[in-house]
Structure formats: structure tokens, C-alpha cells
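Okay, so here's the structure we're looking at.
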Amino acid sequence: MRSTEQRLAGIRGGVPPRRHNARTIAALTGNPGCTRRAVLDSAGVDKTRLAERIGFPARFGQSRFAITRGNAFEAQLKADGGTELLRLVAERLGVPVPESASWTDLGDGADDTRHDLAARQQRSRDRLLAAVPSSGADTAALFDHPLLGLDVAGQRVHLEPDLVAARLAGRWHVVEIKSFPVIDGQADPAKVAAAAIQSAVYVLALRDLLTAAGHDPGLVGTDVVLVCPRDFGNQPVASLVDVRKQLLVLRRQLDRMARIDTLLAGVPEDFTADPQADPATLTAGLTTVDARYAPDCLATCELAYFCRHETRGQTGALGRPVREALGGVATAAEALALAAGERTPEPEQAEAAALLRAAARLRADALSGHPG
């Protein structure tokens, strides 16, 4: 019998594993019940190439313009040793603005080779741990692009937050810089939610770093400072985002991926997601691994369009609330038949059938113009 590592390598095929980052880890939490995604991500499969190979390419991602705009906004905030950024963060945390703060650029000169990544991570670890609050180190400190580590399905993942502010209000704080605007005090809720879960990844990695070194992980605050442009200009505005809920979800999903051998027990031995394989073989193989499609997947998972096509006509394709309300009713045709009274429900369908018949009566009353 092959080991878990050998099975994952076989699923991935003759290509190196895709390297996770904060965005891909954050996306894992969007659908924690999906075995297909957990297996593919644990194996390090390049889902973008896989989706293209089977004819269902992903349709999301940042535009080149958005990336350029974001880089320019971040550079503006970090000019002059992050003086403006320090003021924004301190004011939002409700603490006096420090007269001075150390600034350490931990991404300077990086070339992203494996050797360099390891060296950067060690350098970041040493500098961050040296900033743990103590009687001899109480000056505010800002760390630009530190490189953190997190274990994901047996792989060590390198993560790079925009900024870590240390020794402000006695704690460390993750600072996330985004280029989407805050208009009249409001930002796009979906983008804020995505930023929150991505920031939670960094908080978790920082806490793991402190725990491994014997320090209190509670030194890392769960209130992330989110900095965005105000209205339609480049004037920055800072907000606090509580990521405690996201941390719980993230930890639960990572623990699930750590038990990948349990999930693999239900996956055929010959399953492969090698993007170099025949498309028909790949498509047939994917259908043997349980998925849990929901419309939300379209914004976070590269295989969402394939899964949507696969679930056409099924009640689960309408989203989690519908799936949960209609437990035991698998297809739309079955739901319509139960609603019309044309089919006798099975015992486990009784509650869903009553709900469907009530909905059918409400619809009939609305269409007739005579509310019952």
C-alpha cells in the first residue's frame, strides 16, 4: 500500500506541487465540506491548469490594472519609513502615535528561490522574536513583508503579510493594505470578507511562530488593521477587522486537511488530476471524488464551473441554504414533483416536502392575486 505522500504525488502527476499562499489558503475555508477541493489542494494540484484542460477555465482573478494600482498605493503608504502608516495604525488602535519606530524591510532583495525563501523565513523569525515585548524592547517596530511559515497538509507554506506592527498597544498587529475603495464609509462587503480571512491566515502563522518559541500567542491581536483608499482618491483610511471567527474556521479546515489520509480512503486508487493527462480521463476521475458545489465557489475555486455543470438539475447547485432546507431531496425535478403533490415523499423527505408544498401554495396565491 502506498503512503499518503506517495498517493498525493500520484494524484498530482509528474509536475511539482503548486505553492500555497495566503489567498489559496483563505479560499480553502470557503467550502470546508468539499472533499474534492481538500484532496486536490493537499496534493498541490494546479487547479487552474486542470480546469483549462477539462474545458472549464476559471473566470476570476485580479486584473493587471488592479495589481498595479495596489502596488502604487502600498508604496505610497510605506514611503519615509512608514511614517504615515504608523500614524494610521496607532490612531485606529486608539493608542498615542509613537514619536519614532524602527522599520525593517524583510523582503528587500528577495529572489524567491528555495534557498532564499528559507533564509528569509529564518531572518524574519529572528527579527520578529527579537521584537517580543520586554523591559528592554518597548519601542514600536514595523516589519515590511516578513516571511512567515504555516503547515498545510504536510507542506510548509511561505506567507508574506503586507506589514506587521509590533509593540503597539502591547501587542502585534497584522496590517493589510488593499486597493479597493471605502466610499462614504462603506467598502464592498465581499472584498472585506476576503481580506479578513486572508489576514486571519497571517495571524495564525504569527501565533504559531510565537507558540513554537514558547511565547504567548495572545500577543498577536485578532483585530487586523485594514488600510484602503478613501472614496475615489489615494487618501488612506484605516479600519479594524475582527478575525476571531475566521481563525476558528481556518484552523478547523487545516486540521481537516492534516487528516488527508482519512479523506483518501474514499478516493479511488487510480484517481489522477495530472493536468497533462487525457481530458476525458480527468473528467471521469473528478466525478468519483465527492464535491460540495455552491454558487459562492464561483468566486474562489478554479474548478467551480466544472462543478456547477456537474450539479446541473440538483438542488445543491442553488446554494447551501437550499441544500440544508431540502435535505434528502437531491434534484430539482424531485423537488417540483413533491411541491405539486405528484410524488409521495420518503420518510426522510417529509419535512422538506411540507416546506415545498407551502412554498407552492404561496406562489399560487401570489400569481392569482388572492393571498391566502
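The values are calculated or read from the model by the stated rules, or taken from the named source; none is laboratory data. This structure is a prediction, so every number in the text was calculated from the model and none was measured. Positions of Cβ are generated from backbone atoms using ideal geometry, with glycine treated the same way; all protein chains shown enter the neighbour counts. Accessible surface is based on the protein model in full, side chains and every heavy atom, while ligands, DNA and RNA are left aside. Shrake-Rupley method; radii C 1.70, N 1.55, O 1.52, S 1.80 Å.
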Count - residues of the stretch 169-181 that are over 14 Å from residue 206 (Cβ atoms) and either touching a helix residue (DSSP H, G or I) at 6+ places or on another chain (Cβ under 9 Å) or modelled with pLDDT under 85 (or both): 6
Residue ID - modelled with the lowest pLDDT, chosen from residues in the stretch 255-302 that are open to solvent by less than 30 Å² (accessible area, probe 1.4 Å) and within 21 Å of residue 330 (Cα to Cα): 294
Residue count for the stretch 234-249, restricted to those that are open to solvent by less than 60 Å² (accessible area, probe 1.4 Å), aliphatic (A, V, I, L, M) and part of a helix (DSSP H, G or I): 2
Hits in the stretch 146-168 - residues which are part of a loop (DSSP other than H, G, I, E, B) and open to solvent by 60 Å² or more (accessible area, probe 1.4 Å): 154, 160
Filtered residues of the stretch 225-256 (kept if touching a residue at least 12 places away in the same chain (Cβ under 8 Å) and within 14 Å of the chain's Cα centre (by Cα)): 243, 246, 247, 249, 250, 251, 252, 253, 254
Sole residue being of a type in the set (Gly, Ala, Ser), modelled with pLDDT of 90 or more and either farther than 22 Å from residue 145 by Cβ or buried (at least 17 other Cβ atoms within 10 Å of the Cβ) (or both), chosen from 101, 51, 26: 51
Residue in the stretch 90-108 that is over 16 Å from the mean Cα position of the chain (by Cα), of a type in the set (S, T, N, Q) and within 19 Å of residue 227 (Cα to Cα) present: no
Residues being assigned to a helix (DSSP H, G or I) and over 15 Å from residue 300 (Cα atoms) - total across the stretch 27-48: 4
Residue match in the stretch 314-335 (condition: charged (D, E, K, R), under 30 Å from residue 46 (Cα atoms) and open to solvent by less than 40 Å² (accessible area, probe 1.4 Å)): no
Enumeration of residues in the stretch 77-98 that are of a type outside the set (A, V, I, L, M) and either open to solvent by less than 40 Å² (accessible area, probe 1.4 Å) or part of a helix (DSSP H, G or I) (or both): 78, 80, 81, 82, 83, 84, 87, 91, 92, 98
Options 23, 53, 49; residue that is out of contact with any helix residue (DSSP H, G or I) (no Cβ under 7 Å at 6 or more places or on another chain) and either within 19 Å of residue 197 (Cβ to Cβ) or touching a residue at least 60 places away in the same chain (Cβ under 8 Å) (or both): 49
Matching residues in the stretch 337-353 - criterion: being open to solvent by 30 Å² or more (accessible area, probe 1.4 Å), of a type in the set (A, V, I, L, M, F, W, C) and modelled with pLDDT under 80: 350
Out of 255, 270, 274, 261, sole residue that is among the acidic types (Asp, Glu), closer than 15 Å to residue 10 by Cβ and assigned to a helix (DSSP H, G or I): 261
